[in-house]
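Report on the following structure.
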Amino acid sequence: SGTDRVELNLYSSQVGNLPPVEAARAHFPLLPQAEGYGPDVLLINVRAGEVLQAVHPEYTVLPVSFYRNLVAESGLRPVFLGQLDDSRYVRSLREAFPAAEFVASRGAVHDFSVIAKSRHIVMAVSTFSWLAGWLSRADRVVMPLSGSMTPFQDANVDLMPAGDPRFVYYLFPENRAVVDADIELAHRALEGRWREVRHADIHADRPRPAPIQPQTFVDKLRWRVRDALRRAQ
């Protein structure tokens, strides 16, 4: 059609809509000066920032004890990278891992490149984090099926690459966003309730998205256009 770009203001997180990962890598060149972490490091991406204000019910953070378990199981040195501005949640991470390295964000492109070049990655509940992990050549990518990253909270989301041996899935119970001051209490209800799941099991059990009704879809697009025009006035 000659169209160079189509931009949709919709949540459409389906890994099946993406090209093969080898083809996709060509569209996301990484910064040559950004260095990834080697085989002795468990790189943990932290998506905090405005997420700690519960700006969206499905954008949430993960329990500190989840990271503690991963570090103990892997035996690797933890490095936390990302949005590490002072907050109650980030302070709890620093207290739990006093010897760990905490690397504040150097910008989205730099952080993305570091994650994608690392060997052992723990992604945040974040499509940014997911994309960096998916495009990586890592040995292991830990994907927490929690919040906006799991079809068990939103059946229209499926970012679990079938048969990709790099990916290790941990299924969480329902985990909704709360403000920073309430995170510790909310995470107590999740304690010990996540579990590693096999690829075959999680793909067989995941909910199937309901088909989009054409008129409903059109109505939603019309509402979004009307709202955008109203804000522009």
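The values are calculated or read from the model by the stated rules, or taken from the named source; none is laboratory data. All of these numbers come straight from a predicted model, not from anything done at the bench. Neighbour counts are summed over all protein chains in view; Cβ atoms, including those assigned to glycine, are modelled from backbone coordinates with ideal geometry. What goes into the accessible areas is simple: the full protein's heavy atoms, side chains included, and nothing from ligands, DNA or RNA. Shrake-Rupley method; radii C 1.70, N 1.55, O 1.52, S 1.80 Å.
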Determine the distance separating the Cα centre of the stretch 127-165 from the Cα centre of the stretch 14-63; give it in Å without decimals.
9 Å
Identify the trypsin sites (Lys or Arg not before Pro) of the stretch 133-195 meeting these criteria: DSSP loop state and at most 14 other C-beta atoms within 10 Å of the C-beta.
Arg137, Arg176, Arg193
Sorting Phe112, Leu76, Gln53 by the position of each Cα along the dipole of the stretch 43-117 (Lys, Arg +1; Asp, Glu -1; all at Cβ), the one nearest the positive end of that ordering is Leu76
Applying the Karplus parametrisation 6.51 cos²θ - 1.76 cosθ + 1.60 with θ = phi - 60° to the phi angles of the stretch 118-132, what ³J(HN,Hα) value in whole Hz is obtained for each residue in order, glycine and proline being reported as x?
8, 8, 10, 10, 10, 7, 7, 7, 6, 5, 4, 5, 4, 5, 4
For the stretch 85-159, give the percent of accessible area contributed by carbon and sulfur heavy atoms, probe 1.4 Å, rounded to a whole number.
49 percent
Which value, in debye to the nearest 20, gives the size of the charge dipole of the stretch 52-102 about its Cα centre, when Lys and Arg are +1 and Asp and Glu are -1 at the Cβ?
140 debye
3J(HN,Hα) from dihedral phi, the stretch 18-35, Karplus parametrisation 6.51/-1.76/1.60, rounded to Hz, x for glycine, proline
8, x, x, 4, 4, 5, 5, 4, 5, 8, 10, x, 9, 5, x, 7, 7, 10
Spelling out what I want: for every residue of the stretch 180-185, take phi, set θ = phi - 60°, compute 6.51 cos²θ - 1.76 cosθ + 1.60 (Karplus), and round to whole Hz; glycine and proline get x.
3, 5, 9, 5, 4, 5
Counting only protein chains, not ligands or nucleic acids, how are Phe80, Phe152 ordered by accessible area (probe 1.4 Å), most first?
Phe152, Phe80
Roll a 1.4 Å probe over the protein heavy atoms and report the accessible area of Ile183 in Å², nearest 10.
10 Å²
What is the list of residues in the stretch 108-124 whose amide nitrogen lies under 20 Å from a point 7 angstrom out from the Cα of Arg94, following Cα to Cβ?
none
Amide H neighbours of Glu101 under 5 Å, at least 5 residues apart or on other chains, H built in the peptide plane: list them.
Phe80
Amide H neighbours of Leu145 under 5 Å, counting only residues 5+ apart in sequence or on other chains, H built in-plane at 1.01 Å?
Tyr170, Leu171, Phe172
At 1.4 Å probe size, with every protein chain present, just tell me what the per residue accessible area of the stretch 140-197 comes to in Å².
43 Å²
Residue-count net charge about Ser105 - beta-carbon cut-off 11 Å; Lys, Arg +1, Asp, Glu -1:
0
